[in-house]
Amino acid sequence: MMQTTTSIFDAFVHQPTGCQSKALYMIEEFLEKPQQCKAFVLRGSAGTGKTSLMQAVVKYLEKNNIQYVLLAPTAKAAKVLSKRTDDFADTIHSAIYKPEELADGTIKFNYESNNSQIRTVFVVDEASMLPAERQQQDDFLTPNPILVDLMRFIKEGNTHNQVIFIGDTYQLPPVDEKTSVARLLSEKFEIDTKQTTLKEVKRQASGSPILDLAIDIKHRHDTNYSLSRIPLKRLKNEDYGLNFFIQNFDRDNLQNIICITQSNEKVMDLNHKIRRRLYLDGQTLSKGDVVMAHRSWAGKEQSISKGDMGIVLEVGYKTDERCSLRFMNATIDFDGVIIHTKVLIDTLISPKGDIDKEKLKDLKHDRMTKNPTYRASEKPSDDEYMGAIHLRYGYAITCHKAQGSEWKKVLIEPQFHLGNHRWLYTAVTRASKEVWSWWY
């Protein structure tokens with residue numbers, strides 16, 4: 001048994017509930033027997049104390065000099081994890097893959113072997129977002145399902161490596177998947193897995209309107225009851241809803257409010273209406289626009305992760321067309337990281353941000369012909385067109401795009417499916433203070 005200098009209970013800052021005490025005992029036993037069990041799944045819905053337990057795990061590992069790595073499925077989720085643990089967290093992709101750009105603009109993630117012989121505990125947050133089946137998502141391609149490669153990476157290192165998955169089973173699974181990592185570890189990967197579920201809501205969380213609403217949605221889900229008449233705070237109509245958004249919109253604090261909707265078509269509609277109210281619809285991209293990185297971007301010395309939000313500081317006076325694709329120069333502030341780059345305008349006006357792959361191939365051929373530096377390196381950062389950033393507007397987004405992030409206020413487009421409890425639960429729990437909608 002591993003010799004420890006402190007108990008995990010010493011690292012837990014609250015009086016634990018019964019479920020929390022059970023989880024702490026189980027996690028400590030799990031970490032003390034790395035030769036016997038490799039994976040642990042901690043599940044719990046909003047308000048049950050997952051964050052407090054995660055903080056205790058990190059403190060326990062640190063005090064016992066056990067190397068650990070904090071991971072999340074997306075860059076936004078990794079930033080939230082860093083904030084909650086006051087420690088560095090990275091994306092799973094950054095930890096186990098090396099990116100390579102293909103001719104059609106898709107990013108291929110090549111698996112990199114784990115050569116470290118230091119015993120490491122991997123703590124993976126937002127496990128419900130982790131794809132276990134798909135090999136291609138949006139604009140990137142992985143050699144295997146991400147969960148498969150992650151487990152391979154963990155096994156390749158020290159024989160005592162372990163992983164703790166933390167997730168909320170009520171949240172949305174990845175797009176097109178009907179189940180999540182918590183249900184797949186034992187049956188799909190045949191890994192000896194310990195697991196427990198937090199069910200009791202913490203006393204200090206009681207009375208929260210967000211938590212009360214989440215509990216109501218959970219109850220309706222468990223009893224197969226419709227979401228009709230769900231007690232959302234509602235404004236008179238869409239016009240009032242969008243005015244409410246404008247009143248709470250703050251360029252100095254992009255985490256103050258977000259609008260969440262169910263379809264990409266409605267995302268486009270609401271973004272257009274919000275931009276018009278902000279007097280930004282004079283051109284496709286304007287000074288003062290809020291944007292979201294649709295793809296990860298890398299310059300010579302800077303990088304932006306997919307999902308990062310920014311403010312447009314300056315835009316060029318004209319668009320520039322290459323291979324039937326339109327570009328514009330812009331200066332954008334991504335939370336203190338200021339970049340000067342070309343923007344691929346077409347992603348802003350496409351319903352899903354998709355760009356014809358043949359056009360991207362033509363662009364690459366054009367730049368290889370005309371730019372000898374890029375032809376020699378094939379690095380997008382060596383060509384202003386191939387290195388253009390792909391953006392979406394950042395006022396309204398889908399629930400899947402919002403997952404893993406948090407805002408003070410969330411405005412929910414009301415025409416969600418009345419049987420889609422997980423969608424509404426996920427949208428509601430993106431808010432830390434208030435949730436609003438409007439009548440339709």
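A residue that is in a strand (DSSP E or B), more than 30 Å from H219 (Cβ to Cβ) and touching an Asp or Glu at 6+ places or on another chain (Cβ under 8 Å) can be found somewhere in region 393-401. Would you please list the contacts, defined by Cβ atoms under 7 Å and residues six or more apart or on different chains, that run from a residue in region 234-254 that is touching a residue at least 12 places away in the same chain (Cβ under 8 Å) to a residue that is of a type in the set (V, I, T) and crowded, with 16+ Cβ neighbours inside 10 Å? Listed by first residue and then by second, the contacts come to L242/I274; F245/I257; F245/I274; N248/I257; F249/I257; R251/I311; L254/V290. When restricted to residues that are closer than 13 Å to Q403 by Cβ and of a type in the set (S, T, N, Q), region 68-90 contains 1.
Residue pairs whose Cβ atoms lie under 8 Å apart, separated by 6 or more positions or on different chains, with the first residue in region 145-168 and closer than 16 Å to D192 by Cβ and open to solvent by less than 10 Å² (accessible area, probe 1.4 Å) and the second assigned to a helix (DSSP H, G or I) and not hydrophobic (A, V, I, L, M, F, W, C), are N161/K155. Taking region 384-432 as the range and being under 19 Å from L242 (Cα atoms), open to solvent by 50 Å² or more (accessible area, probe 1.4 Å) and more than 20 Å from the chain's Cα centre (by Cα) as the test, only Q415 passes.
Of all residues in region 83-104, those being open to solvent by less than 30 Å² (accessible area, probe 1.4 Å), assigned to a helix (DSSP H, G or I) and either of a type in the set (S, T, Y) or touching a Gly at 6+ places or on another chain (Cβ under 9 Å) (or both) number 1. Each residue in region 366-379 was checked for being touching a residue at least 12 places away in the same chain (Cβ under 8 Å) and closer than 14 Å to R322 by Cβ, and 4 pass. For beta carbons closer than 8 Å, sequence separation of 6+ or different chains, a first residue in region 414-440 that is closer than 19 Å to Y225 by Cβ and charged (D, E, K, R) and a second that is open to solvent by less than 50 Å² (accessible area, probe 1.4 Å) and at pLDDT below 90, the qualifying pairs are R422/Y170; R422/Q171; R422/L172; R422/P173.
Out of contact with any helix residue (DSSP H, G or I) (no Cβ under 6 Å at 6 or more places or on another chain), of a type outside the set (F, W, Y), open to solvent by 20 Å² or more (accessible area, probe 1.4 Å) and within 26 Å of K273 (Cα to Cα), is that true of H365? When the stated conditions are applied, H365 does not pass them.
Going through region 12-29 one residue at a time, which ones are part of a helix (DSSP H, G or I) and open to solvent by 10 Å² or more (accessible area, probe 1.4 Å)?
Of everything in region 12-29, those that are part of a helix (DSSP H, G or I) and open to solvent by 10 Å² or more (accessible area, probe 1.4 Å) turn out to be G18, C19, S21, K22, Y25, M26, E28, E29.
Can you tell which of I339, I345 is touching a Phe, Trp or Tyr at 6+ places or on another chain (Cβ under 9 Å), without any contact (Cβ under 8 Å) to a residue 60 or more places away in the chain and of a type in the set (A, V, I, L, M)?
Answer to the check: I339.
The single condition among (1) modelled with pLDDT of 90 or more; (2) part of a helix (DSSP H, G or I); (3) within 16 Å of G167 (Cβ to Cβ); (4) open to solvent by 10 Å² or more (accessible area, probe 1.4 Å) that R43 does not satisfy is (2). Cβ-Cβ contacts under 6 Å between residues 6 or more apart (or on different chains), taken from a first residue in region 291-306 that is more than 17 Å from T74 (Cα to Cα) to a second residue that is assigned to a strand (DSSP E or B) and of a type in the set (G, A, S), are listed as V291/G310.
Here is a yes/no grid of residues against (1) in a strand (DSSP E or B); (2) modelled with pLDDT of 95 or more:
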{"site": "G288", "(1), (2)": "no, yes"}
{"site": "M328", "(1), (2)": "yes, yes"}
{"site": "D333", "(1), (2)": "yes, yes"}
{"site": "D366", "(1), (2)": "no, yes"}
{"site": "A376", "(1), (2)": "no, no"}
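Can you tell me which residue among T347, T369 is hydroxyl-bearing (S, T, Y) and under 30 Å from the mean Cα position of the chain (by Cα)?
Just one listed residue meets the conditions, T347.
Of the listed requirements (1) open to solvent by less than 40 Å² (accessible area, probe 1.4 Å); (2) at pLDDT 90 or above; (3) not hydroxyl-bearing (S, T, Y); (4) not in a loop (DSSP other than H, G, I, E, B), H219 misses just one: (1).
Yes or no: region 306-317 includes at least one residue that is hydroxyl-bearing (S, T, Y), in a strand (DSSP E or B) and within 29 Å of I246 (Cβ to Cβ). No, because not a single residue in region 306-317 is hydroxyl-bearing (S, T, Y), in a strand (DSSP E or B) and within 29 Å of I246 (Cβ to Cβ). Looking only at region 229-278, residues that are polar (S, T, N, Q), open to solvent by less than 30 Å² (accessible area, probe 1.4 Å) and farther than 17 Å from K409 by Cβ come to 1 in all.
The values are calculated or read from the model by the stated rules, or taken from the named source; none is laboratory data. Bear in mind that the values here come from a model prediction, so they are computed numbers and not experimental data. A quick note on method: Cβ atoms are made from the backbone with ideal geometry, for glycine too, and the neighbour counts reach across all protein chains shown. Areas reflect the complete protein model, heavy atoms only, side chains present, ligands, DNA and RNA absent. Shrake-Rupley method; radii C 1.70, N 1.55, O 1.52, S 1.80 Å.
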